[in-house]
Amino acid sequence: MGRTLQDPPHPSLTITDNRTGKTITVPVEHNSIPATAFKQLNKELAEGDRSEDEVELDEAELTPWRVWQGGIRVYDPGYQNTAVIQSSITFIDGAKGVLRHRGYPIEQLAEKSTFLETAYLLLYGELPTKAQYTLFSTEVMHHTFVHRDLEDIIGSFRHDAHPMSILTAAFAALGAYSPEGNPSLAGQKIYTMDTEASLQLMDKQIFRLIGKSITLAAMAYRMRQGRQFVAPPANMGFADSFLFMMDHLNETNYRPHPTVAKALDTLFLLHADHEMNASAAAVLQVGSTLVDPYSAVSAGCAALYGPLHGGANEAVIRMLISIGGPENVPAYIERVKRKEVVLSGFGHRIYVSADPRSTIIRKIADDVFALTGKDPLLDTALALRDAALKDEYFISRKLYPNVDFFSGLIYRALGFPTDFFPVLFAVPRVVGWLAHWRQLMLSRNVKIWRPRQVYTGEGERAYIGMKEREEKGTEGTKRGGEPTKVQHPTSTRVFLARESKL
Ligand SMILES: CC(C)(COP(=O)(O)OP(=O)(O)OC[C@H]1O[C@@H](n2cnc3c(N)ncnc32)[C@H](O)[C@@H]1OP(=O)(O)O)[C@@H](O)C(=O)NCCC(=O)NCCS
């Protein structure tokens, strides 16, 4: 039978609010529904309702372009089922272990492409022609140079500063050297206007950020060793230039080892993007305020630094060292199951089968170990992986090795310091962040990412004077409900001085 005018739009959901009996029809597009549609489900404030729950809504104020307070909110802590953007960059099927950039499977890109070519693909949507690639790679490598002041900025960190602290700060500082790329100074709409000038300005910042990422990362590395910084070399590729700036001393015609450079280039390619992850979301959240892209990338770095995200590769090595050897794996697995520790490098919000990147990385590890010798931690890692994959705790939760499980072992075999591993993740991920940022800016209608909350705190109450508070006392104060007394290294001396009343 044909559809009639009375039929609800197709495809759609029909949702009934059992509190009021009201039914709404919500369109389904790409198997998603607009969260704002739920605002139509509102009701009068009744006994037992908190006004803070915003149940009431003046329907006259409900328009597609303006969302006022009131109506049902979609509560989704940790964004477990909230799509924040329509994107055409990267696709993941977590159940089947599929990862594609612009439609191309990651396995094919890892085998046949290079980091910079994949960067082009992520940013601009298609694999480049020779001329397009030459223009892009020349621009990126041309922009590897940084202002001399960056030497002072990076040099001012303590020798034991975590390199991610340095990198995060360095990206933010970089923005101060491109005032023409700063919407706060050059105009709010510099990136969102549909003009050639807007595109040029955007791409210039993109070339700068990708090019300078290796220079800043290499500077963070050398600073901690007290080595002078090295200028970007001529006629080298992206990974080669990075290794050169890290390692060159006084050798003539120094060139990084081709197997090492190739392995790093492929690792960069594998880390370039991973759709709407925590750091990409951070970049877009911050970028949605129309702040400059340097600040947005710095925010991405901060998000990546955490041990649940890019810091996991570092955490894996620390975990393997702490386990001590394959013989201690069963005891560690038991500790994980008792929830005393986590199995770093395992589990993923999206993958409920093997992370395809971890399979490719395992192969790269063999190439690298053939050159460097096997890392003694590999036996522990393999024993841990095998034990976890057989254990009901991990099977039932669908926890598999992720990208970080083996990458740290390769970085270690290549002689990178453990705390430098997240930097090796952040450098290539600058590309993914910028691809998402560019896509957002090109959508023209950039809405500020301003999420909602469900307020569960106190209702309105009257101010209480300190005297009355004193009388009431602090009996019954919740744990965490007042400042904690902290220890200061000088507290004993200061305490004695105060007590002496001199
Ligand atoms: C990646 C990660 C943050 C995803 O988190 P998430 O989607 O919020 O999943 P949850 O934390 O809700 O995990 C679901 C269950 O699996 C358990 N779990 C998840 N990852 C685990 C891990 N690595 N070790 C032990 N248990 C783990 C959780 O404890 C939880 O168990 P429960 O249901 O008994 O409470 C999480 O798997 C993790 O912390 N992994 C280790 C860090 C890491 O490798 N990060 C890099 C990701 S590329």
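Helical content alone sets the calculated 222 nm signal of the chain at -14500 deg cm²/dmol, taking -39,500 (n - 2.57) per DSSP H segment of four or more residues and averaging over every residue. With protein chains left intact and a 1.4 Å probe, residues in the chain average 55 Å² of accessible area per residue. In a DSSP loop and with at most 16 other Cβ atoms within 10 Å, the chymotrypsin sites (Phe, Trp or Tyr not before Pro) in segment 103-209 are Phe145, Tyr177.
Taking all protein chains together and rolling a 1.4 Å probe, Ser184 ends up with roughly 100 Å² accessible. Summing Lys and Arg as +1 and Asp and Glu as -1 over all other residues whose Cβ lies under 11 Å from the Cβ of Ile24 gives a net charge of +1.
Segment His159..Arg452, full-extension length gain: 101.3 nm, with 0.36 nm per residue of separation and the alpha-carbon distance subtracted. Sites counted here are GluC sites (Glu not before Pro) in a DSSP loop (not H, G, I, E or B) having no more than 11 other Cβ atoms within 10 Å; the longest part of the chain that contains none of them is 127-250. Estimated from the Cβ-Cβ distance and a Förster radius of 51 angstrom, the FRET efficiency linking Lys204 and Arg397 is about 0.65. Checking the Cα-Cα distances for Lys96/Lys337; Lys96/Lys130; Lys130/Lys212; Lys130/Lys204 against a 29 Å cut-off, the pairs over it are Lys96/Lys130.
Cα convex hull of the chain: mean projected area in nm², to one decimal?
Numbers: hull surface 143.4 nm².
Orientation-averaged projected area of the Cα hull: 35.9 nm².
For Lys447, the lysines whose Cα falls under 16 Å of its own Cα, not counting residues fewer than eight places away in the same chain, are Lys189.
Counting only protein heavy atoms and using a 1.4 Å probe, what share of the accessible area of segment 101-453 belongs to carbon plus sulfur, as a whole percent? Please list the in-between numbers first.
Numbers: 8090 of 14850 Å².
Here it works out to 55 percent.
Taking 0.36 nm per residue of sequence separation and removing the Cα-Cα distance, the Asp152/Glu475 pair yields an extension gain of 111.1 nm.
For segment 409-502, applying the loop criterion from DSSP together with a ceiling of 15 other beta carbons within 10 Å to the trypsin sites (Lys or Arg not before Pro) yields Arg444, Lys447, Arg452, Arg461, Lys478, Arg479, Lys485, Lys501.
Based on alpha-carbon centroids, what's the gap between segment 178-222 and segment 304-355 in Å, whole number please? Segment 178-222 and segment 304-355 have Cα centres spaced 36 Å from each other.
Taking the Cα centre as origin and putting +1 on Lys and Arg beta-carbons and -1 on Asp and Glu beta-carbons, what dipole magnitude results for segment 258-402, to the nearest 20 debye? Please report the intermediate quantities before stating the final value.
Values: 15 positive and 16 negative charges, 71 e Å.
The dipole magnitude comes to about 340 debye.
When the chain is described by a simple charge dipole with +1 on each Lys and Arg Cβ and -1 on each Asp and Glu Cβ, the residue from Gly432, Gly415, Gly480 located farthest towards its positive end is Gly415.
For the listed peptides 256-269, 73-86, a ranking on the average number of other beta carbons within 10 Å per residue, highest first, reads 256-269, 73-86. The dipole here belongs to the chain: it is taken about the Cα centre, uses +1 on the Cβ of Lys and Arg and -1 on the Cβ of Asp and Glu, and is about 660 debye. Between Thr259 and Ala234, full extension at 0.36 nm per residue minus the direct alpha carbon distance yields a gain of 7.0 nm.
At most 10 other Cβ atoms within 10 Å and a DSSP loop assignment: could you name the trypsin sites (Lys or Arg not before Pro) in segment 124-208 that fit? Write out the running numbers ahead of the final one.
Working: sites: Lys130, Arg148, Arg158, Lys189, Lys204, Arg208; in loops: Arg148, Arg158, Lys189.
Within segment 124-208, the qualifying trypsin sites (Lys or Arg not before Pro) (loop, at most 10 other Cβ atoms within 10 Å) are Arg148, Arg158.
The values are calculated or read from the model by the stated rules, or taken from the named source; none is laboratory data. Because the structure is predicted, anything quoted here is derived from the model rather than measured. A quick note on method: Cβ atoms are made from the backbone with ideal geometry, for glycine too, and the neighbour counts reach across all protein chains shown. Just the protein is used for accessible areas: all its heavy atoms, side chains included, with ligands, DNA and RNA removed. Shrake-Rupley method; radii C 1.70, N 1.55, O 1.52, S 1.80 Å.
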